[in-house]
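**Q** Quick one: this structure, given as structure tokens, is what I'll be asking you about.
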Amino acid sequence: MLRFKPGRKAATTEVPPNRAEPRALPEHVAIIMDGNGRWATRRGLPRIAGHKRGINSVRKITRHAKERGVKYLTLFAFSTENWLRPKDEVHGLFDLFRYYMRRECRTLAREGVRIRFIGDPSEMPEDIQSMMVEAQDMTASGDAMTLIVALNYGSRAEIVAATQRLAARAAAGEITPESIDDAAISAEMNTADFPDPDLIVRTSGEQRLSNFLLWQAAYSEFLFVDRHWPDFDEESFDECLTLYRDRDRRFGGLRKSG
Ligand code: FPP
């Protein structure tokens, strides 16, 4: 096994300078809310019943994450691939989203939660696009936590669009190809205003990223939880925080000890 020379301690200079020291609490948690369909099917219910219960978890976990001091919570609500689902399910999800926005926006604003969206809104129904703008406006001053909802989001599409914009600028002579670095690419992402996720959680036992935050996940910790999203509660979230705290994040550097 390749080992570093003894005495060459885990110098902090080994850690990229833009990375903060590992923190006990993740500043940004991103969640792939999986397993709604299986939760419902196992109970002999239609899949949409699972999504409906999933909304309860969204509410509970949003409030709880804020109470725990998490500053950014990203939830993967609808992917660019989810259009492949039966029309009924897609429409059902949009109806649930409308219901959530009508019921929750005022509460989020009151609780100091700022809502933001990532993904391509242009393919969403027009009334939902208006609701998204209203929700962002209504909650703009929230400074307790930012809830980022990924809606019609696909990471490859995001990277392709960012690359095209940078290439167009280079072709126009506004920037040189050599000036394109990590920061320049991050600034073109939908997530430009937010830090990268410290922790990515996927529920329901599946272990994959499914085109979620591919660029932003470079140094994220991953947790795959054996529980469907409707059953993911405050206690499950706290367990994730505990497991995260015990991780040794090195960002390509060396271990803190040993
Ligand atoms: C994955 O379960 C879940 C989704 C595709 C949708 C998640 C959406 C919500 C919880 C509601 C809307 C969200 C907000 C933020 C208002 P699945 O259907 O893939 O489950 P399965 O893998 O068991 O089939």
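The values are calculated or read from the model by the stated rules, or taken from the named source; none is laboratory data. Note that this is a predicted model, so its numbers are computed, not measured. All Cβ positions, even for glycine, are placed from backbone atoms using ideal geometry, and neighbour counts span all protein chains on display. Calculation scope for accessible area: heavy atoms of the full protein, side chains included, ligands and nucleic acids excluded. Shrake-Rupley method; radii C 1.70, N 1.55, O 1.52, S 1.80 Å.
**Q** Count the lysine pairs in the chain whose Cα atoms sit under 30 Å apart, keeping only pairs 8 or more residues apart in sequence or on different chains.
**A** 10
**Q** If the chain between Ser122 and Ala167 were fully stretched, how many nm would it gain, using 0.36 nm times the residue separation less the Cα-Cα distance? Kindly include the intermediate steps, with their values, before the conclusion.
**A** On the way: separation 45, 0.36 × 45 = 16.20 nm, distance 2.27 nm.
Stretched fully, the Ser122-Ala167 segment lengthens by 13.9 nm.
**Q** Using alpha carbon coordinates only, what is the Rg to Rh ratio of segment 142-258, with Rh defined as the Kirkwood radius? Write out the running numbers ahead of the final one.
**A** Numbers: Rg = 17.5 Å, Rh = 16.8 Å.
With Rg and the Kirkwood Rh in hand, the quotient comes to 1.04.
**Q** Please provide three numbers in whole Å: the alpha-carbon extents of segment 182-246 along the principal axes, with the largest listed first.
**A** 38, 24, 17
**Q** Quote to one decimal, in nm, the extra length available between Arg103 and Leu45 on full extension: 0.36 nm per residue of separation minus the C-alpha distance between them. Numbers along the way, then the final one.
**A** Working: separation 58, 0.36 × 58 = 20.88 nm, distance 2.42 nm.
Result for the pair: 18.5 nm of gain on full extension.
**Q** Pull out a ≥ b ≥ c, the square roots of the eigenvalues of the alpha-carbon gyration tensor of segment 123-176, then state rounded if a/c is under 1.5, prolate if not and a/b is larger than b/c, and oblate in the remaining case. Provide the component values of the computation, followed by the final result.
**A** Values: a/c = 2.51, a/b = 1.89, b/c = 1.33.
Prolate shape, in that a/c is at least 1.5 and a/b is the bigger ratio.
**Q** Mind checking the dipole of segment 103-193: about its Cα centre, +1 per Lys or Arg Cβ, -1 per Asp or Glu Cβ, Debye to the nearest 20? Don't skip to the end; give the middle numbers.
**A** Numbers: 8 positive and 16 negative charges, 41 e Å.
Roughly 200 debye, rounded to the nearest 20.
**Q** Sticking with this one: How big is the accessible area of Val113 in square angstrom, nearest 10, if you roll a 1.4 angstrom probe over the protein chains?
**A** Roughly 0 Å² of Val113 is accessible to a 1.4 Å probe.
**Q** Here's something else I'd like to know. With every protein chain present, what is the per residue accessible area of segment 103-239 (1.4 Å probe, Å²)? Walk me through the intermediate numbers first.
**A** On the way: 6740 Å² over 137 residues.
On a per-residue basis, 49 Å².
**Q** Continuing with this model, one more query. Can you run the Rg to Rh ratio on segment 117-209? Use alpha carbon positions and the Kirkwood inverse-distance Rh. List each step's numbers first, then the result.
**A** On the way: Rg = 16.1 Å, Rh = 15.7 Å.
Looking at segment 117-209, the ratio lands at 1.02.
**Q** Assign unit charges at the C-beta atoms only (+1 for Lys and Arg, -1 for Asp and Glu), then state the dipole size of segment 200-245 relative to its Cα centre in Debye, rounded to the nearest 20. Mind showing how you got there, number by number?
**A** Values: 4 positive and 9 negative charges, 71 e Å.
My answer is approximately 340 debye.
**Q** Quick one: if the Förster radius is 35 Å, what FRET efficiency do Arg208 and Met138 give, using the C-beta to C-beta distance and rounding to 0.05? Write down the numbers at each step before the final one.
**A** Details: r = 35 Å, r/R0 = 0.99.
Between Arg208 and Met138 the formula returns 0.50.
**Q** Also, quick follow-up: Using just the alpha carbons, could you tell me how many Å³ per residue the convex hull of segment 58-184 encloses? The partial results should precede the final answer.
**A** Values: hull volume 17.3 nm³, N = 127.
Convex hull of Cα atoms, per residue: 136 Å³.
**Q** I would also like to ask the following. I need the shape label for the chain. Rule: rounded when a/c is under 1.5, else prolate if a/b > b/c, else oblate, with a, b, c from the alpha carbon gyration tensor. Numbers along the way, then the final one.
**A** On the way: a/c = 1.77, a/b = 1.28, b/c = 1.38.
Verdict is oblate for the chain.
**Q** Between Asp193 and Glu234, what length in nm is gained on full extension when 0.36 nm per residue of separation is reduced by their alpha carbon distance? Please report the intermediate quantities before stating the final value.
**A** Details: separation 41, 0.36 × 41 = 14.76 nm, distance 2.72 nm.
Working it through step by step, the gained length comes to 12.0 nm.
**Q** With charges only on Cβ, +1 for K and R and -1 for D and E, what is the dipole size of the chain about its Cα centre, in debye, rounded to 20? Intermediate values should be presented prior to the final figure.
**A** Numbers: 39 positive and 38 negative charges, 179 e Å.
Here the size comes out at about 860 debye.
**Q** Ok, one more. On the protein heavy atoms, probe 1.4 angstrom, tell me the percent of accessible surface of segment 117-243 carried by carbon and sulfur. Could you put the intermediate results ahead of the total?
**A** Working: 3060 of 6160 Å².
Reported share for carbon and sulfur atoms: 50 percent.
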